[in-house]
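What follows is a single structure, written as structure tokens, with notes after it.
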Amino acid sequence: QVQLVESGGGLVQAGGSLRLSCAASGRIFSIDAMGWYRQAPGKQRELVATITSGSGTNYADSVKGRFTISRDNAKNTVVLQMTSLKPEDTAVYYCYSLVSRVYWGQGTQVTVSS
């Protein structure tokens with residue numbers, strides 16, 4: 001089993017910044033990919049950003065140039081630095097990791113006020 005613990009969500013004004021962190025623990029030998037999805041009320045969960053074990057990254061078009069994902073393989077952590085936040089970024093953000101299967105964190109709320 002793998003456990004993911006997220007931190008860093010909160011309330012911020014439009015144009016502000018937030019930093020989300022996610023730490024993985026448990027029976028981990030290697031993590032193929034880690035990243036973040038988000039789900040806004042009434043909408044489907046969508047990919048925000050992902051990073052592979054080799055540090056290859058992929059971003060949703062809506063966050064390119066504003067969000068940066070990074071990871072520390074030694075600590076099994078992934079960080080999402082979010083800048084120039086917009087009200088449409090408001091959602092519950094879920095960390096995930098791909099080990100033998102996909103594991104999910106409990107989610108952290110990000111609210112951006114206009």
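The values are calculated or read from the model by the stated rules, or taken from the named source; none is laboratory data. None of these values were measured; they are calculated from a predicted model. Glycine gets a Cβ as well: all are built from the backbone with ideal geometry, and neighbour counts include every protein chain shown. When the accessible area is computed, the model is the full protein with side chains, heavy atoms only, and any ligands, DNA or RNA have been set aside. Shrake-Rupley method; radii C 1.70, N 1.55, O 1.52, S 1.80 Å.
Tabulated data
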quantity: Cα-centred dipole magnitude for the chain, charges only on beta-carbon of K, R (+1) and D, E (-1), debye, nearest 20; calculated: 80
quantity: Charge-dipole axis of the range 15-114 as Lys and Arg at +1 and Asp and Glu at -1 on Cβ define it, positive-most pick from 62, 48, 25; calculated: 25
quantity: Cα extents of the chain along the three principal axes, largest first (Å); calculated: 43, 24, 22
quantity: Distance (nanometres) between label positions extended 7 Å along Cα→Cβ at residue 62 and residue 1; calculated: 3.3
quantity: J(HN,Hα) series, the range 32-40, from Karplus relation 6.51 cos²θ - 1.76 cosθ + 1.60, nearest Hz, glycine and proline x; calculated: 6, 8, 9, x, 9, 10, 9, 9, 8
quantity: Highest to lowest packing among 91-102, 50-61, scored as the average C-beta count within 10 Å; calculated: 91-102, 50-61
quantity: Potential extension, residue 88-residue 72 segment - 0.36 nm per residue separation minus Cα distance; calculated: 2.9 nm
quantity: Reachable aspartates and glutamates from residue 64, criterion Cα separation under 15 angstrom, eight or more residues apart if same chain; calculated: 46, 88, 89
quantity: Filtered trypsin sites (Lys or Arg not before Pro), the range 42-81: DSSP coil and at most 11 other beta carbons within 10 Å; calculated: 43, 64, 75
quantity: Solvent-accessible area per residue, Å², over the chain with all protein chains present [probe radius 1.4 Å]; calculated: 52
